[in-house]
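Structure record follows, encoded as structure tokens.
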Amino acid sequence: MSDLDLILQSLEALAEREGDPAPAIYARLFADHPDLEPLFLMDTDGGVRGSMLRQSFDCLIDMAEGGIMAPVILGAERVNHGTYGVPDNLFDAFFNTIRDCVKAAMRSDWTAETDAAWSRLLARTAALADA
């Protein structure tokens, strides 16, 4: 199975098992990186978080497909988030949090092959910081 198939399959499993994954993803992000939570103080209805998560899913899928959209968007968003005081390592932490929540949702269906596909994908997104 290709990395793209594994990534899509795992994201579909997340949607099926979690419904809206945003609460779990942001709860884990803020538990692991409490310094990020104050940045969302004005997001009282979760709209910014939801939009950010949708764009992140779109970028992850585009990266897995070998598309050209994600590198441009992620490059711009790294700069944008830097103006909020978010360093590159914490920018990348969000994608790691998504992976961790996908893994938790999949439980025993998470395989070594899926883990490897996610590792390769996240390495490519992190490498964009050096581009």
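Any read-out appearing in this document is the output of simple, stated calculations on the displayed coordinates, not a laboratory observation. All values derive from a computational prediction rather than experimental measurement. Virtual Cβ from ideal backbone geometry, glycine too; neighbours counted across all protein chains shown.
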*Every pair of residues 6+ apart whose Cβ atoms lie under 9 Å, when the first sits in segment 113-131 and is over 13 Å from Phe91 (Cα atoms) while the second is basic (Lys, Arg)*: Thr114/Lys103; Asp115/Arg99; Asp115/Lys103; Trp118/Arg99; Trp118/Lys103; Ser119/Arg99; Leu121/Arg99
_Take the residues in segment 71-98 that are in a helix (DSSP H, G or I) and of a type in the set (Val, Ile, Thr); name whichever of them is farthest from Glu18 (Cα to Cα)._
Val79
*asked:* under 18 Å from Thr97 (Cα atoms), basic (Lys, Arg) and surrounded by 12 or more Cβ atoms within 10 Å (Cβ to Cβ): is that true of Arg54 in this structure?
replied: no
_Number of positions in segment 86-110 that are in contact (Cβ under 8 Å) with a residue 12 or more places away in the chain and exposed (fewer than 14 other Cβ atoms within 10 Å of the Cβ)_ = 1
*Restricting attention to segment 107-130, which residues are more than 16 Å from the chain's Cα centre (by Cα) and either within 20 Å of Leu29 (Cα to Cα) or of a type in the set (Lys, Arg) (or both)?*
Arg107
